[in-house]
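The values are calculated or read from the model by the stated rules, or taken from the named source; none is laboratory data. Not measured: the values here are computed from a predicted model. FYI the Cβ positions are ideal-geometry reconstructions off the backbone, even for glycines, and counts take in every protein chain you see. All accessible areas refer to the heavy atoms of the entire protein, side chains included, with ligands and DNA or RNA removed. Shrake-Rupley method; radii C 1.70, N 1.55, O 1.52, S 1.80 Å.
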Amino acid sequence: MKSLESFKEQNVLVIGDLMIDKYIIGNVSRISPEAPVPVLNQTKTERKLGGAGNVLANLKSLGAMVHALGRIGNDSEGRICEKLLTERGIDCSRLWKFDDTIVKTRIISQNQQFLRVDEEKIISPSDEYLLTLKNNIDGILKNVTVVVFSDYAKGFVSEELASLIIHACNARNIPVVVDPKGKNCSKYKGATAITPNNKEFLDMSGAVSLDSEDSIKSEALRILKENNIEYFIHTRSEKGISVIEKDSGLKSDFPTQAKEVIDVTGAGDTVVSVIALAIGAGFEIAYAITLANIAASIVISKFGTAQTSTNEIEEHLFSIKTKDKTKNEVLRIISDLKKQGKKIVFTNGCFDLVHAGHIKSFQQAKSFGDVLIVAVNSDDSIRRLKGESRPVVDLKNRIALLKALECVDFVIPFEEDTPQNLIEAIKPDVMVKGEDWKGKAVAGADFVKSYGGKVEFIKLEQGLSTTFIIEKIKKTAWGERQ
């Protein structure tokens, strides 16, 4: 499985309704004497890419090569839109310039939106423009690895245009991901995936409500089969994302990633962007949805139509991996980290009375890779190895101490006398032991070497060991009693 670095290899064509999100920002401290409405003391005005423009911005922020296919107006807002796109390095050579640009103006005070004004006309591509696309389809799709439809029901994604592009993509084995709008799902026939939210799902199904998981699954499967679409990716707000697969008929649920909600504007654009890149890169659909969930949790913690990056997603993956996870959860997370190309380092021990020597060893171990796993013997295991008087510190408190160390990413206890079974489950890239183990039989070492992993021996701090500290305490206590 490729890492998120493969997002940079994706060449994405985004087709959809371009618009400007305009923000009039200020402070409200009084009510108008003319009418019972608040008076905004305007302090600044901002413009951001909206609609399909936000999808383009998200894709570029994630490192992809991006091309825009949509309509902007022959007006000042259209020129601003084109400037915002080109400043990000987005290809605008195939934009259709006609009439006025769609603008959504939001009135903001203290990060709270209390009014939105829309300026828009529903305009479909002209026959002349469609003919130009048809005649140049080879050039338009040259080197494209995935196509995204960002349909905001403003006219550009007409049935004729969608059919033309999807048919051409199918002939070239280019995946197509659709963020849909409206009741006419048939215009997306042949797409790889569609990503409706709750309202969009209801609109395309024609149902009054979808009040059970069974009804969601059956209705989604009907839509998939009728329109020959592979994946139905249902974005469900606080319930996360559900994926229904046409061929297997399976429904999988992915809970949302908890995070403070500041502004949900554009979160759907982020989800479709990440899913498209992941599908284009050949990721499994489950991993694509996991990444999309994380990305959405990041952007909703920002104000306005925001974007995220692969670094932010990886940092979030990294931040949720440790602290109070079960062994099976940790193993699943490690599997995901390996898919991102992270180098996994493993070390183990009793770590009874954690001291400066241990910390130095952990720091050395971490230098061999990206993720440090520390396996720790259980209390019973230590008693079998060191006698009934040990451990001095019980397992719960030893784990708490180890988790508090910044250089330690995972702490996993094991009941056996050696971590052999754990090593075989994790398959670390690097196994680390103290140099006092050189020349001795090290549990798991042969297994690690068998698949190309490395076994590293590190220098230990002289005069620092748990046994030494315990003996010193005993001598001190005995001396005080004399």
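Observations
- DSSP bridge orientation in the chain - percent antiparallel, rounded to nearest 5: 35
- Residues with amide H under 5 Å from that of Q10, placed H, sequence gap 5 or more: M65
- Accessible surface of K343 - all protein chains present, 1.4 Å probe, nearest 10 Å²: 90
- Between E424 and E120, the modelled label-to-label distance comes to 5.9 nm, taking each label 7 Å out from Cα in the direction of the beta carbon.
- Inter-label distance, E416 to Q113: 5.5 nm, where each label sits 7 Å from its Cα along the C-beta direction.
- Y287-K343 FRET efficiency (beta carbon distance; Förster radius 25 Å; 0.05 resolution): 0.85
- Computed from point charges on the beta carbon alone (+1 for Lys and Arg, -1 for Asp and Glu), the dipole magnitude for the chain about its Cα centre is near 1220 Debye.
- Stokes-Einstein D (µm²/s) once Rh is taken as the Kirkwood radius of the range 155-268 over alpha-carbon pairs, at 25 °C in 0.890 mPa s: 166
- Note that the range 29-39 has calculated 3J(HN,Hα) couplings of 10, 8, 9, 4, x, 7, 7, x, 10, x, 9 Hz, one per residue in order, obtained from phi through the Karplus relation 6.51 cos²θ - 1.76 cosθ + 1.60 (θ = phi - 60°); glycine and proline are x.
- Spin-label pair N136/K403, simplified geometry with 7 Å Cα→Cβ offset, distance in nm: 5.8
- Antiparallel %, DSSP beta bridges [both residues in the range 1-66], to 5: 85
- Computed from the C-beta positions of F98 and S163 and an R0 of 25 Å, the FRET efficiency is 0.75 to the nearest 0.05.
- Exposure rank, largest accessible area first [L59, L131; 1.4 Å]: L131, L59
- Rg ratio (alpha-carbon, reference 2.2 N^0.38 Å) - the chain: 1.24
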